[in-house]
Amino acid sequence: VPEHVWRINLDVPEEAQQNLSFGAADRWWEQTDLTKLILASNKLQSLSEDVQLLPALTMLDVHDNQLTSLPSALGQLENLQKLDVSHNKLRSLPEELLQLPRLRSLLVQHNELSQLPEGLGQLLTLEELDVSNNQLTAIPASFALLVNLVRLNLACNQLKELPADLSAMRSLRQLDCTKNYLETVPSKLATMASLEQLYLRKNKLRSLPEFPSCKLLKELHAGENQIEILNAENLKQLSSLCVLELRDNKIKAVPEEITVLQKLERLDLANNDISRLPYTLGNLPQLKFLALEGNPLRTIRRDLLQKGTQELLKYLRSKIQDDGPGPSEEPPVTAMTLPSQSKVNVHAITTLKLLEYSDKQAAEIPAAVFDAVGANPVATVNFSRNQLREIPPRLVELKESVCDVSLAFNKISSISSELCLLHKLTHLDLRNNVLTALPEEMEALRRLHTINLAFNRFKVFPSVLYHLPALETILLSNNQVGSIDPVQLKGMDKLGTLDLQNNDLLQVPPELGNCENLRSLLLEGNPFRTPRAAVLAKGTAAVLEYLRSRIP
């Protein structure tokens with residue numbers, strides 16, 4: 001790099017030596033400091049420490065050179081926001097790099113890095129990190145601290161596993177792990193609530209990972225793995241998916257449940273071992289691209305496959321009609337539906353003591369459902385996945401026998417007094433509703449030992465829970481709870497599991513450490529500073545011990 005480039009802020013330009021009159025554009029004495037320096041696609045083998053003479057730089061681009069190392073003076077460029085050192089021959093990154101307080105984008109792809117600095121997590125402002133096409137075998141644990149990271153590219157390395165701590169990256173939208181040696185994906189990654197695009201192509205996965213909390217996941221690319229089974233449960237969690245790419249695997253069957261992916265636009269199942277397709281695939285309303293070539297399909301002629309997606313879907317839909325109405329063809333249940341139409345499983349009531357009316361998108365539970373109970377004792381009620389806006393008043397008729405009630409995935413905004421009369425209740429599932437509070441009358445539920453309130457709208461910890469002596473499990477993740485009372489929690493002798501992930505806790509009271517009965521305390525995804533992610537990752541016992549050490 002020519003010497004005067006480094007000195008451009010310091011040296012007076014030569015025209016200043018001459019006595020000339022200057023136009024507005026040439027007023028060198030008003031010159032501001034250099035903010036962007038692009039030295040890309042040259043033959044640089046080293047960068048001078050003189051880079052520190054350009055403290056105003058916000059962007060430095062030296063990609064596509066022959067650099068084997070970087071100057072430690074880079075650490076003094078405290079205004080630097082973007083650093084591109086990709087396509088070089090770097091074997092390591094200088095520790096000084098970790099001092100850059102404003103760095104938002106760090107691009108180091110296509111180098112010869114075998115490891116990353118342990119302290120990389122100190123770059124708290126980082127939003128984009130690309131370390132693809134290196135020789136990395138592991139990811140530093142401190143990665144978990146990069147809570148502002150939006151895009152992370154780990155493709156084409158030698159990673160055998162991903163650290164579970166990545167789940168703390170609550171802003172991450174795009175994660176690319178293509179072409180590594182991954183055999184599994186840590187189950188904790190499933191809590192990455194912002195994740196939209198996940199690339200897992202060309203690894204060694206044997207099954208599709210589970211993603212219960214990735215409600216925003218739009219693209220999942222898992223082609224060229226060794227996946228054999230598509231699990232129906234896993235598919236149910238991916239309701240926002242637009243792209244599902246599973247080509248070149250060993251999948252033998254596509255479950256009927258694929259129809260829960262109502263937003264699916266692209267489905268690539270080419271080169272698998274699929275012999276038959278569920279006709280209900282034809283009912284996916286948004287599907288524009290379906291690839292099936294290279295499968296031993298028996299039910300579909302090859303010429304049909306070549307006619308394109310729309311013809312194929314039309315054929316599948318025509319087969320549904322031939323088979324008579326499938327499960328997806330039930331008339332929608334409304335308040336006007338006649339008893340004969342509402343399907344009540346009387347067999348389940350008498351033999352399993354189960355009253356089920358779920359997944360019907362019903363605004364209310366038809367009277368026929370309750371009428372069917374008769375004198376039979378019902379222990380379990382499942383009214384989940386409907387459009388209920390209130391607790392069905394007739395539930396109270398079951399109060400002498402019912403102990404397990406699920407009203408999950410509805411639109412319930414408040415709890416009526418009827419529910420508080422179910423004195424034998426032990427399990428209550430109210431997740432994915434729009435609740436903001438629980439009534440004090442719930443204190444009557446003396447036997448309740450598990451309550452699921454995840455994905456609601458609680459801003460405060462419902463105080464009535466402190467007064468339920470039998471409670472063993474409280475699931476309150478994905479709400480907006482701002483604080484908890486450790487003294488009252490300590491009084492709950494039976495409480496073993498407390499899930500407060502993805503709430504708005506700004507601090508964790510140290511006295512919570514005294515709740516020694518807790519076997520599982522989940523706090524990830526909250527905005528508090530301490531305990532840090534590294535402590536949380538060590539598990540509940542370590543967190544409680546850490547909190548006790550902080551009690552004044």
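Remarks
- Were the residues from S358 through F289 laid out at 0.36 nm apart, the gain over their Cα-Cα distance would be 21.7 nm.
- With a Förster radius of 41 Å applied to the beta-carbon distance between D493 and K411, the computed FRET efficiency rounds to 0.70.
- Calculated accessible area for the stretch 399-552 comes out at 44 Å² per residue, all protein chains present (probe 1.4 Å; ligands, DNA, RNA ignored).
- Over all other residues within a Cβ to Cβ distance under 13 Å of P140, the charged ones net out to -3, with Lys and Arg as +1 and Asp and Glu as -1.
- Surface composition of the chain: carbon plus sulfur atoms hold 48% of the accessible area, using a 1.4 angstrom probe and ignoring ligands, DNA and RNA.
- Per residue, the accessible area of the stretch 228-319 comes to 48 Å², computed with a 1.4 Å probe over protein heavy atoms only.
- In nm, spacing of pseudo-spin labels at H427 and A470 (7 Å Cα→C-beta vector): 1.4 nm
- Simple point charges give the picture: +1 on the Cβ of Lys and Arg, -1 on the Cβ of Asp and Glu, and for the stretch 175-304 a dipole about the Cα centre of about 100 debye.
- Using the alpha carbons alone, the radius of gyration of the stretch 340-452 stands to its Kirkwood radius in an Rg to Rh ratio of 0.94.
- Difference of contour (0.36 nm per residue) and Cα-Cα distance, R532 to S401: 42.6 nm
- Across the stretch 409-552, counting alpha-carbon atoms alone, Rg and Dmax equal 14.9, 45 Å.
- Positive minus negative residues near K411 (Lys, Arg vs Asp, Glu; Cβ under 12 Å): +1
- Surface accessible to a 1.4 Å probe, per residue, for the residues of the stretch 32-121, Å²: 46 Å²
- Between 0 and 90°, nearest 10: helix 540-549 axis offset from the chain longest Cα axis: 70 degrees
- Whole-Å distance, taken between Cα centres, linking the stretch 427-459 and the stretch 158-229: 32 Å
- Here is how the number arises for the chain: DSSP H runs of 4 or more residues each give -39500 (n - 2.57), the sum is divided by the residue count, and the result at 222 nm is -2000 deg cm²/dmol.
- Gyration tensor (alpha-carbon) shape descriptor, the stretch 228-319, a/c threshold 1.5: oblate
- Take M492: with every protein chain present and a 1.4 Å probe, its accessible area is about 10 Å².
- Helix 309-322 vs. the chain, principal-axis angle (Cα, 0 to 90°, nearest 10): 10 degrees
The values are calculated or read from the model by the stated rules, or taken from the named source; none is laboratory data. Computed from a prediction, not measured in an experiment: that's the story for all the values here. Positions of Cβ are generated from backbone atoms using ideal geometry, with glycine treated the same way; all protein chains shown enter the neighbour counts. What goes into the accessible areas is simple: the full protein's heavy atoms, side chains included, and nothing from ligands, DNA or RNA. Shrake-Rupley method; radii C 1.70, N 1.55, O 1.52, S 1.80 Å.
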